[in-house]
Amino acid sequence: MTISREEVAHLARLSRLAVTEQELDRFAGQLDVILQAVARVGEVAADDIPPTSHAVPLTNVYRDDVPTPCLTQEEALSGAPDAFEGRFRVPRILDEED
Amino acid sequence: MTDDLTRMSAAELAGKIKSREVSAVEVTTAHLDRIAAVDERVHAFLHVDRDGALQAAERVDRGEVTGPLAGVPVAIKDVITTKGVPTTAGSKILEGWKPPYDATIVERLRDAGTVMIGKTNMDEFAMGSSTEYSAYGATKNPWDLERIPGGSGGGSAAAVAAYEAPLAIGTDTGGSIRQPGAVTGTVGAKPTYGGTSRYGLIAFSSSLDTPGPVTRTVEDAALLHSVIAGHDVRDSTSIPQPVPDVVGAARLGASGDLTGVKLGLVKEFAGDGSEPGVLAAFRDSLDKLVKLGAEVVEVSCPHFEYALPAYYLIAPSEASSNLARFDGVRYGLRVGDDGNRSLEEVMSLTREAGFGPEVKRRIILGTYALSSGYYDAYYGQAQKVRTLITRDFQSAFERVDVLVSPTTPFVAFPFGSRTSDPYQMYLADLFTIPTNLYGGPGISVPCGLADGLPVGFQVMAPTMADDRMYRVAAALESVVGTLTPPAL
């Protein structure tokens, strides 16, 4: 057993997923199978090997500092579930007593 | 007549439209009629843009738009943004979203005169090998409607196989262009990573995602590749180098001469894991290539067996970060905002309602692999294995021009046969994933049938040597021919 039901519940909270009890039961078993399979990377002796994060060895890619057209405020807000006075409207972030 | 138009290659159609033998509107109408006739059964499309397509075709017929593929219809995988045209990535969380901008490759397709006819079905956020994880129902394989069309880009492959479009765009993160190509008897090419722009591609795994062509002929794939490829200032990982001459290479290969070309047979991929029918078709194709003058050299890539485990740590890790943007604030679904719940509660309810099971599994898996305490053993170790896989490719390419393998270990499987154990689904990408980790190009070309179902032959080339794979694929096509599915 590489991952417990409680760990999956914790990871779901970190991932902002309000998973159901049934999902927890199912995912815990499935993730255990997947983790046992992917843990095989540990068999490779790679202590001295540098990691690869990216296939293209590029660093600090800058474009010329020239203003170009971008989305209008209206376009940027066009897909928002809720907008108000030119802004994205969100549920409260702070408790009322804050 | 209209049936004939849907069966022609993009190259033929472009020629006939240019010479005014047929109009772009006739070609577009023929494909829209075909979609109307068969897509209820195939379900390749999530959205058909009938009006937009006809308007684009009219512009071609009026001579307002020219270009190498002027008037030829193209279908776009629904993970690529199209301005004002619904884009869902196969997810409920983006249902009804109309992007405010076009992806770079969509702009380039328009500049080339192609006619965008619709958006194709896919596994949600490109996670899957069957389209069974699409939130909008699976696409059916035109060869057998009881079987999967591959994934994630099963919609693009099925659309092309069912003559609903001569050209389609897919995206390949671990095989999502090539594996659907293999199981639908079509051509699917994954360009060099960074060879095609990711701007406007809804990100799954940013260090692996690569858009590319899905077609019925190798020449069409090369034509489409040449239109969408090339440096883009809006993608910082885009390679600032000229696009390899893929069209010239495809035409050279079609002459059927491979004298002096060295094919590397990956020892680790030659035996176990593949269905007997797949191996038989692959070996038969290898013999055909030898008759065309190619030389087969066995090469060892000892770390390839760790590619699948490394991929299923790297890709979910990147996905867990990329998919954090779906928070119910800027676009898409919002659930549970009743005025009392906090932002965090609304976010969690929105993501729970908007994401399907495979996406949730991968987000949780990625979050785990990136967690403090597990990072070094999982994500960090996977990145080191990625380095070793890249070195395996580099040393193999010192001895051979390209590597070859079956594209996927099994032919199209029946719906439901690999969904209960997610890892069984992951095995579909066993042979395609190493290329993604390395960043090189790979192509799947039809190489025959096994039990009446298509088998794909994969050619892998060094980074920015995409032309090599087109040459070998076209040579194989010249002796195998294209595959024709049973009438729908």
Inset, instruction - Take B:Arg108, B:Arg362, B:Arg34 and order them by how many other Cβ atoms sit within 10 Å, fewest up front. - result: B:Arg108, B:Arg34, B:Arg362
Legend entry - Net charge of Cβ neighbours under 10 Å - reference B:Pro211; Lys, Arg +1; Asp, Glu -1: +1
Legend entry - Alpha-carbon gyration tensor eigenvalues x 5, square-rooted, for region B:90-179, Å: 21, 17, 12
Inset, instruction - Quote the charge dipole size of the protein assembly as shown about the Cα centre in Debye, to the nearest 20; the model charges only the Cβ of Lys and Arg (+1) and of Asp and Glu (-1). - result: 860
Inset, instruction - Would you mind estimating how fast the protein assembly as shown diffuses translationally, via Stokes-Einstein at 25 °C and 0.890 mPa s with the Kirkwood radius over Cα pairs, in µm²/s? - result: 102
Inset, instruction - Indicate, rounded to the nearest 5 percent, the antiparallel portion of the DSSP beta bridges found entirely in chain B. - result: 65
Legend entry - All-pairs Cα distance distribution in region A:5-44, expressed in whole percent, bin size 5 Å: 5, 23, 27, 18, 14, 8, 4, 1
Legend entry - Residue mean of other protein chain beta carbons inside 10 Å, B:382-395: 4
Inset, instruction - Would you mind telling me the antiparallel percentage of the DSSP bridges in the protein assembly as shown, rounded to 5? - result: 65
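About the Cα centre, and with charges only on the beta carbon of Lys, Arg (+1) and Asp, Glu (-1), how big is the dipole of chain A? Nearest 20 debye, please.
Details: 9 positive and 19 negative charges, 65 e Å.
That gives a dipole near 320 debye.
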Inset, instruction - Please work out whether region B:73-228 counts as rounded, prolate or oblate from its C-alpha gyration tensor, where a ≥ b ≥ c are the square roots of the eigenvalues and a/c under 1.5 means rounded, while otherwise a/b larger than b/c means prolate and anything else oblate? - result: rounded
Legend entry - Packing-based exposure ordering (other Cβ within 10 Å, fewest first) of B:Cys301, A:Cys70, B:Cys447: A:Cys70, B:Cys301, B:Cys447
Inset, instruction - Apply the Kirkwood formula to region B:44-98: the hydrodynamic radius equals the inverse of the mean of 1/r over all pairs of different alpha-carbon atoms; give it in Å with one decimal. - result: 12.6
Legend entry - Of B:Lys262/B:Lys288; B:Lys77/B:Lys98; B:Lys190/B:Lys267; B:Lys92/B:Lys360, pairs whose Cα-Cα distance is over 19 Å: B:Lys190/B:Lys267
Inset, instruction - In debye, nearest 20, what is the charge dipole magnitude of region A:5-44 about its Cα centre with +1 on Lys and Arg Cβ and -1 on Asp and Glu Cβ, if you could check? - result: 160
Inset, instruction - Along each of the three principal axes of the Cα atoms of chain B, give the extent in whole Å, ordering the values from largest to smallest. - result: 71, 56, 44
Legend entry - For B:Val297, net neighbour charge (Lys/Arg +1, Asp/Glu -1) across residues whose Cβ lies under 12 Å away: -1
Inset, instruction - Working from Cα positions, state the angle (0 to 90°, nearest 10) between the long axis of helix A:5-14 and the longest principal axis of chain A. - result: 20
Inset, instruction - Compute from the Cα atoms of region B:312-352 the Rg and the Dmax, the latter being the longest Cα-Cα distance, and quote both in angstrom. - result: 12.1, 39
Inset, instruction - With springs connecting C-alpha atoms under 10 Å apart, model chain A as a Gaussian network and identify which of A:Pro81, A:Pro51, A:Pro67 has the largest mean-square fluctuation. - result: A:Pro81
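Only the coordinates and a few stated rules stand behind these numbers; no lab work does. The shown structure was predicted, so the numbers you read here are calculated from the model rather than taken from an experiment. Backbone-built Cβ (ideal geometry, glycine too); neighbour counts: all protein chains shown.
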